[in-house]
Amino acid sequence: MLKDYPEILKPKDLMEILNLSKNTIYDMLNNRTIPAYRVGNSKLWRINKCDFEDYLKFFDSYW
């Protein structure tokens, strides 16, 4: 599923993968629901693909 995406994901990638709205994704990032980091002092979010895969595995095993 994630093989077509780069190693560093953007919020737009998460919107496509999870089929969620922009507001929902940014809420999840701001609440630290999804492991992510900001680039410098900017508002740009980036997500390591391996961290995101671990996040997905955790919730897959949870349900």
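Values quoted throughout were computed directly from the atomic coordinates according to the rules given, and no laboratory measurement underlies them. This structure is a prediction, so every number in the text was calculated from the model and none was measured. All Cβ positions, even for glycine, are placed from backbone atoms using ideal geometry, and neighbour counts span all protein chains on display.
Quick notes on this structure:
- Here the gap between Arg38 and Lys57, fully extended at 0.36 nm per residue and compared with their Cα-Cα distance, gives a gain of 4.5 nm.
- Summing charges over neighbours of Leu2, with a neighbour being any other residue whose Cβ is under 11 Å away from its Cβ, gives -3 when K and R count +1 and D and E count -1.
- At 0.890 mPa s and 25 °C, Stokes D of the chain from Kirkwood alpha-carbon radius, µm² per second: 204 µm²/s
- Fewest-first ordering of Lys49, Lys3 by other beta carbons within 10 Å of each residue's beta carbon gives Lys3, Lys49.
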